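Novice: Please read through the structure below; I'll follow up with questions.
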Amino acid sequence: MDQEEALIAYQIQHIRQVALIEFGTPFDELTIREKAETITIAAREIILIRQAATKKTYAKEKPKKLYYLSLEYLPGRWTIMNIINVLAFENFKKVATLMNFSIDEIEEAYYDPALGNGGLGRLASCFMDSLATLNYPATGYGLLYEYGIFKQEIIYGTQIETAESWLDRRNNWIRYAPQSSAKVQYNGELRDGVNKVGEATHTLVNYDEVTAQCFSVPMVGYGEKGSVNLLKLFSTRAMAKNFKISCFSAGDLAAATKYTQITSVLYPSDAVELGKEYRLMQEYLLVSGALQDLFREFFQDYNDLSLLKEKVTIQLNDTHPAIACAELLRILVRDYHTTIPMAWEIATHCLNYTNHTILQEALEKWDESLFRRLLPRQMKTIELINQFVCDEVRKNHPYNEDLIHHISILQDGKVHMARLCCHICSKINGVAKLHSELITETIFKDFYKLYPQKFTNVTNGVTFRRWVLKCNPLLSKLFDDTIGPGWVTDYEKFVNLRKFSDDPKIKQRFLEIKESNKKRLIHYLATLRKEREGSDDSLWAGVFHTNKEPEQGIFFDLQIKRLHEYKRQMMNALHLLLLYKEIKEKSYTPPVKKFTLFAGKSAASYALMKDLIRLICAISRHINQDSDVSPHLRVIFVANYNVSLAEKLIPAADVSQQISTAGFEASGTSLFKFCLNGALLVGTLDGATIELKEAVGDDSFPFIFGATKDEIFHKIDERSYKPGDEINQHPNIRWLIETLRSDLLATYPEEKEAFCRIASYLESKDPYFTLFDLLSYHETQKKCLQAFTDRDRWAHLCLMNIAGIGHFSSDRSIEDYAKNIWDLKKVPLNQQILEEIKDIFVANDKCTIDPTIFKK
Ligand code: F58
């Protein structure tokens, strides 16, 4: 038996052993779910070894550490990704064959961790991957929501939200971490006091105390040298102390479970008072838990608080954890007896803030009264901070109360969280160049005047490990064979793909890979339908096929992202209606068959976007059933978009739609995943598209259209945009509005009402310039179909696009943060420590290898 065979034999035996220990049943007799758990537990061994070695390495080196605070993560499934990251996947495939299980089934056995809404949460997860891969000492903090983002079902074209109980089944990657659990106080009254150096302090009495139990998940870096950092998630659920039995005895179950419920749901609706209170409770739970853990770790290594500045950096992912700005100051003065100037010095050095949007409605503001009642100490601290910063500003800008009005953290009965961040944080970054510029000109204009040195940019990126290595093995192999396998961790290698963009064999191979990914996707969608509806007929009616075999050469056009007005799925829907009209009237015949696929969730309370889902589904139904149009065009809406679905959709795309109103998409991140998987971008000059275009080169980026940010902002400032003018000037647009109000698409009254609402909205407001950009969009889409017919040129363009993607690896983003914001150094995993820990495992391993294993 050679070394590789011995390893495989060991792994098989290990899996069999785990099956017996965990389930008391031989592996072959387990259910798929049990098999998946068994494999997870077996795979965990090497990861726990690396985790222990990482911890010991950090303990030895005592490096500066990053504490990343985010209310959201969207990690995607862990098991297969982790196996890939520890370089065990090739062997694992052989194990799967020998043990007769399907890797896909194992992957599907777990639910997606549903801990985030969209881009912001997914970005946090890409960053966790890169931090571990690049050996940066970092811990992520978040919440373990019982019900994460809702599960979306589409029933008769309507979005129905159901609770996603992703944690129902146990997940073996999540482990209780009692040493990081924390006590968190809410409500109560303040008693004045002084600390040991005479600074005024406030002590809380008569408060409610909640235990935040901590659970940790290994964040597994890629490759032989990857570190294993931790993601620590707090939960209040299963803690007996959090259940107020006295309230229960008095007949008030709601009061009894008030604190066990804090982490029940991801961002509960903020439309009602209770919702707001829960959200604020969640935010403080995370902040308090994380900061307590941070100090615990710090005092394990040091006893001098003046070192905190050198040893700790904290990143706030949006303002959701902004209370940390007040809490860090408060803890330093109240619990660690620093002077206020020293606390200020530390906090303003350690904290940093990333902004993800310029949308006013997304900037967090809390009612002062609620804040004061729930978090009296933090409110007191904010008042002191505000007094201080306003005094300072008044000193430097006398008689300028207008400025104070704009920068005061407390204004009009609200606590402005972004303003708190701007005053306290050391660095404030946007997520793409355009966005970082825009925040200094719009929402943070006054702060930019006060603190220009704080503002910087870090353009987003995505991890190439999940977003091509895992989800697109065929294309990954093509990269191995062209630019060499180093691309997985060396994003700069991608430029070398330019050399292959004119190589006929490579182009042909690229096209074949795309075709095969499309086929794989269609088969997957068909099985989904079958599972949900008992029959896959409706799916096959929705896609191009011959006898339930996907047709070849179809153009796949994807728009997959959260539904929002500014993302303008509406414009895509209207474009499809126009296309329908032209095909029906025979004024235009698409040069290639086009398959448009939408996916994305709408916030439960976002009525207009729920109407839009109805519209897209109605358009889909109408087009797919029309015998004149459906031979050329098909449209489907795929329910319940999440990370795992994205992994299946993106490798099959020919183009992606990045068509936001210029200026409103801070960055976007799916554009990078599409590009990496060889899809071209149809879009506006917005967010990171501008930088991607620059990196790829204009000639290879031909499908840009629409108004620029300057045009849009000019029109907004002048209030000069009148959607009615578009309707009057363009018969096609008029036709669209009339069609929405007609009986063409609607099949029942609710649909008719929804489409009429959309028509009125477009006609009277159209705040995101849908009608304004629509016609140039429509033409660009047609140009795109035409371009697709030249297969050779298309393949060349795709390869040129991939060659430009390197810069948009989250590894590069993390290097930028490390250098420009965190001043963080890499700490390579100590190989001697790793070997020592491995030895302990081997010495205690009772598993003997059965030499006949390959013969059975
Ligand atoms: C997104 N924001 C941006 N927010 O929209 C996107 O352009 C950017 O690429 C991405 O962040 C990463 O920087 C985003 O996802 C949310 O999901 C918020 C969650 C909390 C409520 C408001 C939306």
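The values are calculated or read from the model by the stated rules, or taken from the named source; none is laboratory data. For clarity, every value in this text was computed on a predicted model and none was experimentally measured. Here the Cβ is made from the backbone with ideal geometry for all residues, glycine too, and neighbour counts use every protein chain on show.
Novice: Does PHE101 fit the bill of being at pLDDT 95 or above and surrounded by fewer than 24 Cβ atoms within 10 Å (Cβ to Cβ)? Walk me through it before giving the result.
Specialist: Values: at pLDDT 95 or above: yes; surrounded by fewer than 24 Cβ atoms within 10 Å (Cβ to Cβ): yes.
Taking the combined requirement at face value, the residue satisfies it.
Novice: Being in contact with a Phe, Trp or Tyr (Cβ under 9 Å, 6 or more places away or on another chain) and either of a type in the set (A, V, I, L, M) or touching a residue at least 12 places away in the same chain (Cβ under 8 Å) (or both) is the filter here, so list the residues in the stretch 717-742 that pass it.
Specialist: TYR721, PRO723, GLU726, THR739, LEU740, ARG741
Novice: Hey, another quick one. Do we find a residue being of a type outside the set (D, E, K, R) and either over 28 Å from the mean Cα position of the chain (by Cα) or assigned to a helix (DSSP H, G or I) (or both) anywhere in the stretch 64-74?
Specialist: no
Novice: Here is a follow-up. Looking at (1) within 30 Å of LYS232 (Cβ to Cβ); (2) touching an Asp or Glu at 6+ places or on another chain (Cβ under 9 Å), which is the only condition MET99 fails?
Specialist: Exception for MET99: condition (1).
Novice: Go through the stretch 197-247 and report how many residues are of a type in the set (Lys, Arg) and either assigned to a strand (DSSP E or B) or touching a residue at least 40 places away in the same chain (Cβ under 8 Å) (or both). Reasoning before the result, please.
Specialist: First pass over the stretch 197-247, keeping only residues of a type in the set (Lys, Arg): 225, 232, 237, 241, 244.
Add one more test, that the residue is either assigned to a strand (DSSP E or B) or touching a residue at least 40 places away in the same chain (Cβ under 8 Å) (or both), and what stays is 225, 232, 237.
The number of residues fulfilling the criteria is 3.
Novice: Restricting attention to the stretch 578-609, which residues are assigned to a helix (DSSP H, G or I) and crowded, with 20+ Cβ neighbours inside 10 Å? Full working, then the answer.
Specialist: Filtering the stretch 578-609 down to residues assigned to a helix (DSSP H, G or I) leaves 578-584, 607-609.
The answer is LEU578, LEU579, TYR580, ILE583, MET609.
Novice: Checking LYS241 against (1) of a type outside the set (A, V, I, L, M, F, W, C); (2) farther than 30 Å from ARG466 by Cβ; (3) in contact with a helix residue (DSSP H, G or I) (Cβ under 9 Å, 6 or more places away or on another chain), only one condition comes out false. Which one?
Specialist: Only one criterion is unmet by LYS241, namely (3).
Novice: Which residue pairs have Cβ atoms under 8 Å apart, sit 6 or more places apart or on different chains, and have a first residue in the stretch 58-84 that is modelled with pLDDT under 95 and a second that is of a type in the set (Asp, Glu) and assigned to a loop (DSSP other than H, G, I, E, B)?
Specialist: Cβ pairs passing all conditions: none.
Novice: Also, quick follow-up: Which of the residues spanning the stretch 495-525 are in contact with a strand residue (DSSP E or B) (Cβ under 9 Å, 6 or more places away or on another chain) and either among the small types (Gly, Ala, Ser) or within 12 Å of LEU478 (Cα to Cα) (or both)?
Specialist: Answer for the stretch 495-525, where residues must be in contact with a strand residue (DSSP E or B) (Cβ under 9 Å, 6 or more places away or on another chain) and either among the small types (Gly, Ala, Ser) or within 12 Å of LEU478 (Cα to Cα) (or both): just LYS514.
Novice: Quick one: what pairs do we get from the stretch 351-374, first residue without any contact (Cβ under 8 Å) to a residue 24 or more places away in the chain, second more than 16 Å from the ligand (Cβ to nearest atom) and not in a strand (DSSP E or B), C-beta under 8 Å, 6+ apart or different chains?
Specialist: Sorted first by the residue in the stretch 351-374, then by its partner, the pairs are ARG372/MET379.
Novice: Mind checking which residues of the stretch 409-436 are charged (D, E, K, R), closer than 16 Å to GLN378 by Cα and in a helix (DSSP H, G or I)?
Specialist: Let us first name the residues in the stretch 409-436 that are charged (D, E, K, R), namely 412, 414, 419, 427, 433.
Then keep just the ones that are closer than 16 Å to GLN378 by Cα; that gives 414, 419.
Of everything in the stretch 409-436, just one residue is charged (D, E, K, R), closer than 16 Å to GLN378 by Cα and in a helix (DSSP H, G or I), namely ARG419.
Novice: Another one. For the stretch 101-111, check the following and say yes or no: at least one residue is closer than 30 Å to VAL287 by Cβ and in contact (Cβ under 8 Å) with a residue 24 or more places away in the chain. Walk me through how you get there before you give the answer.
Specialist: So the first thing to find is which residues in the stretch 101-111 are closer than 30 Å to VAL287 by Cβ, and the list is 110-111.
Adding the requirement that they be in contact (Cβ under 8 Å) with a residue 24 or more places away in the chain leaves 110-111.
Yes - at least one qualifying residue is present in the stretch 101-111.
Novice: I'm trying to understand the selection: among the residues of the stretch 419-433, which are within 16 Å of the ligand (Cβ to nearest atom) and more than 20 Å from SER809 (Cβ to Cβ)?
Specialist: Let us first name the residues in the stretch 419-433 that are within 16 Å of the ligand (Cβ to nearest atom), namely 421, 427-433.
Scanning the stretch 419-433 gives CYS421, LYS427, ILE428.
Novice: Out of everything in the stretch 434-456 that is within 16 Å of the ligand (Cβ to nearest atom) and surrounded by fewer than 17 Cβ atoms within 10 Å (Cβ to Cβ), what residue ends up being nearest to PHE713 (Cα to Cα)?
Specialist: Among them, the one singled out is THR442.
Novice: Now for a separate question. Considering only residues that are within 13 Å of LEU681 (Cα to Cα) and not charged (D, E, K, R), which ones fall in the stretch 768-786? Walk me through how you get there before you give the answer.
Specialist: Restricting attention to the stretch 768-786, the residues satisfying the condition of being within 13 Å of LEU681 (Cα to Cα) are 777, 780-781, 783-785.
Correct list: TYR777, THR780, GLN781, CYS784, LEU785.
Novice: Could you check the stretch 58-101 and list, in sequence order, the residues that are within 30 Å of CYS350 (Cβ to Cβ), among the hydroxyl-bearing types (Ser, Thr, Tyr) and in contact with a helix residue (DSSP H, G or I) (Cβ under 6 Å, 6 or more places away or on another chain)?
Specialist: Matches in the stretch 58-101: TYR67, SER70, TYR73.
Novice: May I pose another question? Could you list, ordered by first residue, the pairs with Cβ atoms under 7 Å in which the first is in the stretch 13-27 and over 17 Å from ARG170 (Cα atoms) and touching a residue at least 40 places away in the same chain (Cβ under 8 Å) and the second is surrounded by fewer than 20 Cβ atoms within 10 Å (Cβ to Cβ) and basic (Lys, Arg), at least 6 apart or interchain?
Specialist: Sorted first by the residue in the stretch 13-27, then by its partner, the pairs are PHE27/ARG16.
Novice: Further question on the same structure: For the stretch 532-585, name all the residues that are farther than 14 Å from LEU615 by Cα, within 16 Å of the ligand (Cβ to nearest atom) and of a type in the set (A, V, I, L, M, F, W, C).
Specialist: Listed by number, the list holds a single entry, ILE560.
Novice: Hey, another quick one. Could you list, in sequence order, the residues of the stretch 759-777 that are surrounded by fewer than 20 Cβ atoms within 10 Å (Cβ to Cβ) and either among the polar types (S, T, N, Q) or assigned to a helix (DSSP H, G or I) (or both)?
Specialist: Those that are surrounded by fewer than 20 Cβ atoms within 10 Å (Cβ to Cβ) and either among the polar types (S, T, N, Q) or assigned to a helix (DSSP H, G or I) (or both): ALA759, SER760, TYR761, GLU763, SER764, LEU775, SER776.
Novice: Across the stretch 663-683, what is the number of residues that are within 13 Å of the ligand (Cβ to nearest atom) and either over 18 Å from the mean Cα position of the chain (by Cα) or in contact (Cβ under 8 Å) with a residue 24 or more places away in the chain (or both)? Steps first, answer last, please.
Specialist: Residues of the stretch 663-683 within 13 Å of the ligand (Cβ to nearest atom): 663-673, 683.
So of that shortlist, the ones also either over 18 Å from the mean Cα position of the chain (by Cα) or in contact (Cβ under 8 Å) with a residue 24 or more places away in the chain (or both) come out as 663-670, 672-673, 683.
Residues in the stretch 663-683 being within 13 Å of the ligand (Cβ to nearest atom) and either over 18 Å from the mean Cα position of the chain (by Cα) or in contact (Cβ under 8 Å) with a residue 24 or more places away in the chain (or both): 11 in total.
Novice: Just to be sure, is LYS151 loosely packed, with under 13 Cβ neighbours inside 10 Å and either touching a residue at least 40 places away in the same chain (Cβ under 8 Å) or of a type in the set (A, V, I, L, M) (or both)? So that I can check it myself, show each step before the final result.
Specialist: Numbers: loosely packed, with under 13 Cβ neighbours inside 10 Å: no; either touching a residue at least 40 places away in the same chain (Cβ under 8 Å) or of a type in the set (A, V, I, L, M) (or both): yes.
Here the answer is no, as LYS151 does not meet what is asked.
Novice: When residues of the stretch 818-848 are filtered for being under 30 Å from THR354 (Cα atoms) and out of contact with any Gly (no Cβ under 8 Å at 6 or more places or on another chain), how many remain?
Specialist: We begin by selecting, within the stretch 818-848, every residue under 30 Å from THR354 (Cα atoms); these are 818-829.
Narrowing the set further to residues that are out of contact with any Gly (no Cβ under 8 Å at 6 or more places or on another chain) leaves 818-828.
Going through the stretch 818-848 one residue at a time, the tally reaches 11.
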